[in-house]
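Shown next, in structure tokens, is the structure this report addresses.
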Amino acid sequence: MDAEFVELLARGGYRTLTTASDGASQRLRDFVDRKTREQDLIHAAQLARQFKLKRLKLYEMVGLPTETDSDIDELIRFSCELARILPLSLGVSPFVAKRNTPLDGCEFESIPVLETRMARLRNGLKGRVEVRPTSPRWAWVEYMLSQGDERAGLAAMDAWRAGGRFSDWKRAFKQRDCRPFRFRPVADGRRNAHLVPLADHSFL
């Protein structure tokens with residue numbers, strides 16, 4: 001991202017510069033191989049202010065493997081720094097492992113933990129940064145679909161027919177015996193091609 005690019009966005013009528021850092025902390029960004037550093041995001045905010053854009057928006061994930069409260073606290077600290085340069089919005093979504101990606105097969109963080117982390121983020125940024133969270137419950141539905149087999153597709157049809165509420169999805173997954181899958185680790189630390197079902201739905 002450079003001055004010419006942001007200037008063209010401003011001339012084209014954009015008022016918000018949107019990008020992503022994905023991990024709540026530098027440790028987590030390194031974990032998911034995201035090359036963005038704090039200085040890159042500070043530079044983006046400065047360019048947005050220079051060309052009179054009104055807001056910076058960042059997409060973030062919570063619930064990445066190994067995430068702790070200290071990672072969330074780092075995001076709170078850095079978000080406040082960015083907000084001193086330009087008004088900031090965070091679009092916060094729970095991490096959902098997708099098939100055929102490096103984190104395929106990773107488990108979904110429990111809904112209570114996700115809700116607690118999002119509350120920690122909202123409370124830490126109240127009055128300083130706009131936080132726009134995605135529901136952990138609906139992210140769990142997305143996870144079940146992305147990590148399930150053909151039974152998840154049948155459950156989706158059942159849930160739609162029942163009205164499409166979260167309780168309908170939960171019941172449909174249970175009745176179809178849908179279980180997310182994960183890779184079985186092998187001795188050398190790599191993942192092999194065999195998938196095994198998780199033992200339970202303890203993340204609910």
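The values are calculated or read from the model by the stated rules, or taken from the named source; none is laboratory data. Keep in mind it's a predicted model, so treat the numbers as computed, not measured. Virtual Cβ from ideal backbone geometry, glycine too; neighbours counted across all protein chains shown.
Which is in contact (Cβ under 8 Å) with a residue 12 or more places away in the chain and either surrounded by 15 or more Cβ atoms within 10 Å (Cβ to Cβ) or within 30 Å of Leu17 (Cβ to Cβ) (or both), of Arg120, Arg99?
Values: Arg99 fails: either surrounded by 15 or more Cβ atoms within 10 Å (Cβ to Cβ) or within 30 Å of Leu17 (Cβ to Cβ) (or both).
Among Arg120, Arg99, only Arg120 is in contact (Cβ under 8 Å) with a residue 12 or more places away in the chain and either surrounded by 15 or more Cβ atoms within 10 Å (Cβ to Cβ) or within 30 Å of Leu17 (Cβ to Cβ) (or both).
Any idea how many residues of segment 140-155 are surrounded by 15 or more Cβ atoms within 10 Å (Cβ to Cβ) and either of a type outside the set (A, V, I, L, M, F, W, C) or touching a residue at least 60 places away in the same chain (Cβ under 8 Å) (or both)?
7
Residues of segment 100-111 being touching a Phe, Trp or Tyr at 6+ places or on another chain (Cβ under 9 Å) and over 14 Å from Pro180 (Cα atoms), which ones? If you could, list the steps in order and put the result at the bottom.
Of the residues in segment 100-111, the ones touching a Phe, Trp or Tyr at 6+ places or on another chain (Cβ under 9 Å) are 103-111.
Correct list: Ile111 only.
Tell me the residue from Arg84, Arg77, Arg117 that is assigned by TED's automatic domain parsing to the domain that holds Thr19, of a type in the set (D, E, K, R) and under 27 Å from Leu8 (Cβ atoms), please. First the steps, then the outcome.
Details: Arg77 fails: under 27 Å from Leu8 (Cβ atoms); Arg117 fails: under 27 Å from Leu8 (Cβ atoms).
Result of the check over Arg84, Arg77, Arg117: Arg84.
Of these, Arg128, Arg55, Arg132, which one is among the charged types (D, E, K, R), within 23 Å of Thr18 (Cα to Cα), touching a residue at least 24 places away in the same chain (Cβ under 8 Å) and in contact with a Pro (Cβ under 6 Å, 6 or more places away or on another chain)? Please lay out each step first, then the result.
Working: Arg128 fails: in contact with a Pro (Cβ under 6 Å, 6 or more places away or on another chain); Arg132 fails: in contact with a Pro (Cβ under 6 Å, 6 or more places away or on another chain).
Sole residue among the options that is among the charged types (D, E, K, R), within 23 Å of Thr18 (Cα to Cα), touching a residue at least 24 places away in the same chain (Cβ under 8 Å) and in contact with a Pro (Cβ under 6 Å, 6 or more places away or on another chain): Arg55.
Assess whether Lys126 counts as being at pLDDT 95 or above and among the basic types (Lys, Arg). Before the answer, list the steps.
Details: at pLDDT 95 or above: yes; among the basic types (Lys, Arg): yes.
Against the criterion (at pLDDT 95 or above and among the basic types (Lys, Arg)), Lys126 qualifies.
Can you tell me how many residues within segment 156-175 are buried (at least 20 other Cβ atoms within 10 Å of the Cβ) and more than 22 Å from Glu109 (Cα to Cα)? I'd like the intermediate steps shown before the answer.
Within segment 156-175, the subset buried (at least 20 other Cβ atoms within 10 Å of the Cβ) is 156, 159, 169, 172-173.
Still in the running and more than 22 Å from Glu109 (Cα to Cα): 159.
Total satisfying the criteria: 1.
Among the residues of segment 18-38, write down those that are closer than 14 Å to Gly91 by Cβ and of a type in the set (Ser, Thr, Tyr).
Within segment 18-38, Thr18, Thr19, Ser21 qualify.
Suppose we filter Pro65, Pro112, Pro94 for residues that are surrounded by fewer than 17 Cβ atoms within 10 Å (Cβ to Cβ), at pLDDT 95 or above and under 22 Å from Glu142 (Cβ atoms); which single one remains?
Working: Pro65 fails: at pLDDT 95 or above; Pro94 fails: surrounded by fewer than 17 Cβ atoms within 10 Å (Cβ to Cβ).
So the residue among Pro65, Pro112, Pro94 that is surrounded by fewer than 17 Cβ atoms within 10 Å (Cβ to Cβ), at pLDDT 95 or above and under 22 Å from Glu142 (Cβ atoms) is Pro112.
How many residues, within segment 8-38, are modelled with pLDDT of 90 or more, among the acidic types (Asp, Glu) and either part of a loop (DSSP other than H, G, I, E, B) or exposed (fewer than 15 other Cβ atoms within 10 Å of the Cβ) (or both)?
1
Quick grid of which residues meet (1) under 28 Å from Leu75 (Cα atoms); (2) hydrophobic (A, V, I, L, M, F, W, C); (3) in contact with a strand residue (DSSP E or B) (Cβ under 7 Å, 6 or more places away or on another chain):
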position	(1), (2), (3)
Phe108	yes, yes, no
Arg117	yes, no, yes
Arg122	yes, no, yes
Val131	yes, yes, yes
